1. May I ask you to list the residues in the range 47-59 that are more than 12 Å from the chain's Cα centre (by Cα) and in contact (Cβ under 8 Å) with a residue 40 or more places away in the chain?
2. From the list Arg41, Arg30, Arg105, exactly one residue is closer than 25 Å to Pro2 by Cβ and without any contact (Cβ under 8 Å) to a residue 12 or more places away in the chain. Which is it?
3. Restricting to the range 16-64, count the residues that are within 16 Å of the ligand (Cβ to nearest atom), more than 25 Å from Glu120 (Cα to Cα) and crowded, with 18+ Cβ neighbours inside 10 Å.
4. Provide a single number: the residues in the range 96-121 that are under 17 Å from the mean Cα position of the chain (by Cα) and in a strand (DSSP E or B).
5. Give the range 90-121 a look and list any residue that's within 16 Å of the ligand (Cβ to nearest atom) and at negative phi, or say none.
6. For the range 9-31, give me each residue that is of a type in the set (Asp, Glu) and within 13 Å of the chain's Cα centre (by Cα).
7. Can you tell me which residues in the range 64-95 are of a type in the set (Val, Ile, Thr), farther than 16 Å from Arg41 by Cα and part of a loop (DSSP other than H, G, I, E, B)?
8. Hey, can you tell me all the residues within the range 32-46 that are over 11 Å from the mean Cα position of the chain (by Cα) and within 16 Å of Ala100 (Cα to Cα)?
Amino acid sequence: MPAPVFLCRSEDLREGGLAVPFDVVHAGARWRAFAVRFEGRAQAYLNRCTHIPMELDWQPNQVFDDSGQWLLCATHGAAYAPDTGACVGGPCRGGLVKIALCEARGVVHWHTSDDLYPVES
Ligand code: FES
């Protein structure tokens, strides 16, 4: 059963701004993930490029390109659509792993799944 996990306050996600990082366990391994705001909606993905499994950031939490229209991998320039995670250019092989979010009353939560759950503290 999916369970909501606190991610951040709504105001922490600014349109086209820095990502908010968080950690998850996916496929049995710990991964960084990130949330951004694009066209008003909060979106979250595993921070794992589909070209080579590296984090996208070219500066800490900087995942948007200069235009604020695409998520860009710093290593070889793969570009992803911020609203779907789909590959839109560069050497990516498929889209980013999307993480379900819900936003209500000024708070953003992410949702667990069979293969995605919080890191035990
Ligand atoms: S590792 Fe992301 S484009 Fe190559």
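Values quoted throughout were computed directly from the atomic coordinates according to the rules given, and no laboratory measurement underlies them. This is a predicted model, so every value here is computed, not measured. With ideal geometry, Cβ positions are generated from the backbone for all residues, glycine too; neighbour counts draw on all protein chains shown.
1. From the range 47-59, those more than 12 Å from the chain's Cα centre (by Cα) are 50-54, 58-59; that's our starting set.
The answer is Thr50, His51.
2. Working: Arg41 fails: without any contact (Cβ under 8 Å) to a residue 12 or more places away in the chain; Arg30 fails: without any contact (Cβ under 8 Å) to a residue 12 or more places away in the chain.
Being closer than 25 Å to Pro2 by Cβ and without any contact (Cβ under 8 Å) to a residue 12 or more places away in the chain holds for just one of Arg41, Arg30, Arg105, which is Arg105.
3. Of the residues in that region, 3 qualify.
4. Applying the first criterion (under 17 Å from the mean Cα position of the chain (by Cα)) to the range 96-121 yields 96-103, 107-113, 115-119.
Now restrict to residues that are in a strand (DSSP E or B): 98-99, 101-103, 107-111, 113, 116-118.
The number of residues fulfilling the criteria is 14.
5. Going through the range 90-121, the residues within 16 Å of the ligand (Cβ to nearest atom) turn out to be 90-97.
Residues satisfying the conditions are Pro91, Cys92, Arg93, Gly95, Leu96, Val97.
6. Within the range 9-31, the subset of a type in the set (Asp, Glu) is 11-12, 15, 23.
Across the range 9-31, the qualifying residue is only Asp23.
7. Within the range 64-95, the first condition is being of a type in the set (Val, Ile, Thr), and the residues that meet it are 75, 84, 88.
Then keep just the ones that are farther than 16 Å from Arg41 by Cα; that gives 75, 88.
Answer for the range 64-95, where residues must be of a type in the set (Val, Ile, Thr), farther than 16 Å from Arg41 by Cα and part of a loop (DSSP other than H, G, I, E, B): just Thr75.
8. Of the residues in the range 32-46, the ones over 11 Å from the mean Cα position of the chain (by Cα) are 38-41.
Phe38, Gly40, Arg41, listed by residue number.
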